[in-house]
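The structure under discussion appears below in the form of structure tokens.
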Amino acid sequence: MPPPEDVTLLLHAWQQGDAAAGDRLALLVHAELRRIAGRRLRAERDGHTLQPTALVNEVWVRLMGQHGVVWQNRLQFYALAAVAMRRILVDHARKRSASRRGRDVPHVPVNDDLPSPLPDARLIALDEALERLAALDTRHARVVELRYFGGLSVEEVAEALAVSAGTVKRDWRTARAWLFNEMRGPGTT
Amino acid sequence: MTDRLGYERLSAAFAEWAELDPGGREAFRQRVHDTSPALADAFDRLIAADSEAGDFLEPPADGSGSFEPGERIGAYRLVAPVGDGGMGAVYLAARDDAQFDQRVAVKLIHAGLGGAASVRFREERQILASLSHPYIAHLIDGGETAAGQPYLVMEYVAGEAITRYCDRHELDTGARLRLCLKVCDAVRFAHAHLVVHCDIKPSNILVTAEGTPKLLDFGIARLVHAAAGVSPARTSLMLTPDYASPEQVRNLPLTTSADLYSLAVVVCELVTGGRPRAASHDGQDLVESPRDIARRHGRRLGADLDTVLLKALRKIPSDRYASVEQFAGDLGRYLDRRPILARGDARLYRARKFAARYWAGVAATLVAVTGLGIGAALSQRQATIAEAQRAAAERRFNDVRALANAVVFEFDRSLQSVPGSTAARRLVLDRGLQYLERLASDAAEPPLLRELARGYQRVAEVQGDPFFRNLGDVDGAARSYQRAEDLWLQLVRLEAGRDEDREGYATAITGQADLLWGKGDFDAAFQRYERALSVRTELHAKAPSDPARAYAASRAAYTSGQALTKLGRFGEARERYRASLAIAEAEDSKRKEFPTRAATAAMKLGDCARREGDLDGAIRQYERGKAMTEALLDETPGSEVFERLQAFMVGRLSLAQAERGELSEAYRNARLALNQHERLAKADSADRQSRVDVATARSDFGMVAFLAGDVATARDMVAVSVSEFESLVRTGSVTVDLRSDFGVALRRDGDLLRRAGRPAEAVARYEAAVARLAQTPRDFEYEAELAVAQARLGEMGGPQAATWLRQSFDTWRQAESRGVKAGRMQPGGSEAVARLISARATARR
């Protein structure tokens, strides 16, 4: 784990447009998230109570150590972390359902009172649906990713994507409804 | 829907539909069906999904799902959500029991959690809860939800951001500034309590309908760090860049100066209409001056106000006002149409030439080093002196007074309980001393002499008091004490024994005595202690209701007791401790020195009891001391002085428990004590005493571990403590206590090595132990330990064995004659050794 100053420098550099810094940062974030998430996931059964947002927050604090970073950079971090978080959770879910041979059903009927974070099968389904959505509208998928996996508020997503809060709200509402249908079974929308 | 264009049309239609009222929606839906049949089906399904989705994918508040109105958190019932702060959701709530009709704001904190983090969170919360000021939103309570999510309960403030309030009420510049002065007072108050806000911005400064400003989220950033288990050292997690100081943006350590900067940005915004931007290149502080910003917004800004703001917004913290108080002072002067002080600033900083300029150097150092604004008083004096026409003597008198008081007295006191400040103190000390020496050469009048004597005394205290946080310069301290003592004697002779001169004298010789004791000259130290004690007792008797005199008498008795202990006069020592405890406990005043003294005296009485084998008595005294210390910690949580004391108490307790055979308790406590000492030592690595404490605690823990059967830990701990002692001995002055504790650690290491089947190394250790414990002057408090070490050498055999055993026997006899009883920790009373000797004698025949 590099000292916190390096992460800060990377973030600054990335903000200035240094793509290589962004890559390195993504690796760091991913590694750290994986470490923490792994620990948590092992302790959870079916990921029912796992909160991606809490994890991302925790990684933020750990990576930053005792130094805070200016707000804009924090958002960028969260954007990175959201992607990493999604990958980690889904990969983990896939591994686990692969080990439960045969009992895994890809399409689980949607329940109204299902709490979000989702159990393995639904997480995988969400991931796939999100991929399909991204092919149709990148920004809509990104909004969902940032909100659900990154835990950003509407205003923060707006800032991160450089659009208005109203746009984010509309995107979110639409995307959410679309995904809801998709997860009942692909091709039903 | 499988193509981008299709989705785009679908979502556009859906978005439009969502904006309409029910009647309009139906019509719209109809239109879609009529004009775009290809879309219609998907559109309907989307609408259906929208209403069925419920809270699908909705991100809940971390930890346990979002809270609903009516739910309880702690003792509070949530009424309604009132916003989403950067750190978590905020709810309006009320106390659940019908007793209070108090509205509060409950704030949940996003954070990862851990066990130690909760402790830190609670400690920090207590510090913030103690901030009680009319313009600060009070932190009432806090805790963790059932799911482990931290939350805070704060005074609910119904108000609007200060910027909006001022605009809505169309306040003129004067009114805005007056409002800001109130805010400044709140910030000043918090700084005086060493709390930095870190995130001052208009949305954190609400103004109620009555026009009262309230500062929110003071130090909340620290709490967030605490909740996440990170040491809340410096910056906040989530800053608004617009109000952040340059050092915050660059992640440099923050001082109260960062708050000053943010505050100045807010003031600037209120009076000019815009916010200043820091210049990205060096050489310039801001992109444009406040005056230019005002012009841009069609307003006018007074020249003086421009100057004041510019000074507060300088890029380098030490260029700004030294404190919020100073800043507010100039704002006030501006309002009263008086000349501001900032104007003279440029001259002062550039010219460092004439006599009064010594002040500039000292003040600047202080500001840069502490950021606490103590230098403010000095800069202010500087300005006043430069303007006033005073006689040279009078001016110098004031100089000394200000130096002694501000630099050495208040400054040092305020830093005493902040961990990590040894280097800062050393710096200021050097400057102070230089200045005193310059003045001492031609001082003659009693008032000046007195101030000088006090100045030297204070400097000496910081230079080398071996009992408190010291900087390791014992010889310098001795010189300073001697100077002080000479000055006091001179005064006593000059002014025929004024009380304050006698007190000064007593203080100076006590300081000298402390140093002598540290060097091991117990007899000389004891004589001075007794002299000081008689002066103190006399003074206390003359004015029994004066708490300062009472404390001094209590301390004098205590230190005499310590000296007597080292001299082996245990009975007399106990009398002194009793006296000390009695005086301290009799005192009613709120000052913390009394319970502290009482606690340490109780601890010493416990040691006396333990030495005599009265374990019940010992534990009783230790528990007493521990309870007193914990009460002190409750009142000032985070105080390193009390945490140290607590660690000592717990450590002592573990020794007595080990003696009694309560080994698992002893083990636990010894570990706790060691952990605490380690933590304190980490907070200030330049401090020698903490490291000594760690080594001693580690050696004790090793011993207890051994008795408890955890030999592996025992070996590690004792071995490490030996190397810690070695390092300490190599790198600084060796007090008698240090030498003795080192000797004990060596003996214990020898025991463990012997057990591990390494007799040659064990012998070497024992020899080293004896060498230290038998050194002159002899430390009779450790006489029993010496006897044990000698016995061990005897047990190891070899040609000298008989001699060692005999020596051990004699040493034990002497110790026992002083009332010492053998026990687990110091095994081998004289009969035991006698048996051993005769057994050996028998074997050889």
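List of remarks:
- Identity of the residue in region B:525-548, aliphatic (A, V, I, L, M) and open to solvent by 40 Å² or more (accessible area, probe 1.4 Å), that ends up farthest from B:LEU773 (Cα to Cα): B:ALA541
- Residue in region B:809-830 that is small (Gly, Ala, Ser), at pLDDT below 85, assigned to a helix (DSSP H, G or I) and closer than 28 Å to B:ARG574 by Cα present: yes
- Some residue of region B:664-678 being more than 24 Å from B:ASP634 (Cα to Cα), surrounded by fewer than 22 Cβ atoms within 10 Å (Cβ to Cβ) and out of contact with any Asp or Glu (no Cβ under 9 Å at 6 or more places or on another chain): yes
One line per residue, one yes/no per condition, for (1) open to solvent by less than 20 Å² (accessible area, probe 1.4 Å); (2) farther than 27 Å from B:TRP812 by Cα; (3) of a type in the set (D, E, K, R):
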position: B:ASP616; (1), (2), (3): no, no, yes
position: B:ARG624; (1), (2), (3): no, yes, yes
position: B:MET649; (1), (2), (3): yes, yes, no
position: B:ASP684; (1), (2), (3): yes, yes, yes
position: B:VAL694; (1), (2), (3): yes, yes, no
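- Of the numbered criteria (1) in a helix (DSSP H, G or I); (2) modelled with pLDDT under 85; (3) open to solvent by 10 Å² or more (accessible area, probe 1.4 Å), the one B:TYR151 fails is (1).
- Screening region B:741-782 for residues that are of a type outside the set (Lys, Arg) and outside any helix (DSSP H, G or I) and picking the one that is nearest to B:VAL718 (Cα to Cα) gives B:ALA756.
- Taking the numbered list (1) surrounded by 13 or more Cβ atoms within 10 Å (Cβ to Cβ); (2) free of Cβ contacts under 8 Å to residues at least 12 places away in the same chain; (3) closer than 23 Å to A:VAL143 by Cα in turn, B:ARG9 passes all entries but (2).
- Qualifying positions in region B:189-199 - surrounded by 21 or more Cβ atoms within 10 Å (Cβ to Cβ) and either modelled with pLDDT of 90 or more or in a helix (DSSP H, G or I) (or both): B:ALA190, B:HIS191
- Qualifying residue in region B:728-740 (condition: open to solvent by 40 Å² or more (accessible area, probe 1.4 Å), outside any helix (DSSP H, G or I) and not hydroxyl-bearing (Ser, Thr, Tyr)): yes
- Of all the residues in region B:775-816, those that are under 40 Å from the mean Cα position of the chain (by Cα) and surrounded by fewer than 17 Cβ atoms within 10 Å (Cβ to Cβ) number 3.
- The set of residues in region B:530-551 being under 11 Å from B:ILE583 (Cα atoms) and among the β-branched types (Val, Ile, Thr) consists of B:THR537 alone.
- Residues that are exposed (fewer than 14 other Cβ atoms within 10 Å of the Cβ) and either touching a helix residue (DSSP H, G or I) at 6+ places or on another chain (Cβ under 7 Å) or part of a helix (DSSP H, G or I) (or both) within region B:298-338 comprise B:ARG300, B:ALA303, listed in sequence order.
- Residue check, B:SER654 open to solvent by less than 10 Å² (accessible area, probe 1.4 Å) and either without any contact (Cβ under 8 Å) to a residue 60 or more places away in the chain or on the phi > 0 side of the Ramachandran plot (or both): yes
- Near pairs, Cβ below 7 angstrom, 6+ apart or cross-chain, from region B:477-492 (over 21 Å from B:TRP517 (Cβ atoms)) to any residue that is open to solvent by less than 60 Å² (accessible area, probe 1.4 Å) and of a type in the set (Lys, Arg): B:LEU491/B:ARG450
- Against the numbered list (1) within 27 Å of B:TRP517 (Cα to Cα); (2) open to solvent by less than 10 Å² (accessible area, probe 1.4 Å); (3) out of contact with any His (no Cβ under 8 Å at 6 or more places or on another chain), B:SER690 comes up short only at (3).
- Every residue from region B:1-57 that is over 14 Å from A:TRP172 (Cα atoms) and assigned to a loop (DSSP other than H, G, I, E, B): B:MET1, B:THR2, B:ASP3, B:LEU20, B:ASP21, B:SER36
- Scoring B:PHE522 on the criteria (1) open to solvent by less than 10 Å² (accessible area, probe 1.4 Å); (2) touching a Phe, Trp or Tyr at 6+ places or on another chain (Cβ under 7 Å); (3) modelled with pLDDT under 90 leaves a single failure, condition (2).
- Checklist (1) open to solvent by 50 Å² or more (accessible area, probe 1.4 Å); (2) at pLDDT 75 or above applied to A:ARG101, failing item: (2)
- Only one entry in A:ALA129, A:ALA177 is of a type outside the set (Phe, Trp, Tyr) and more than 8 Å from chain B (Cβ to nearest Cβ), namely A:ALA129.
- When region A:158-171 is filtered for residues that are within 17 Å of B:GLU58 (Cβ to Cβ), within 11 Å of another protein chain (Cβ to nearest Cβ) and open to solvent by less than 60 Å² (accessible area, probe 1.4 Å), only A:ASP171 remains.
The values are calculated or read from the model by the stated rules, or taken from the named source; none is laboratory data. Computed from a predicted model, the values in this text were never measured in an experiment. Don't worry about glycine lacking a Cβ; one is built from the backbone with ideal geometry, like all the others, and counts go over all protein chains shown. Note: accessible area is taken over every heavy atom of the protein model, side chains too, but ligands, DNA and RNA are not part of it. Shrake-Rupley method; radii C 1.70, N 1.55, O 1.52, S 1.80 Å.
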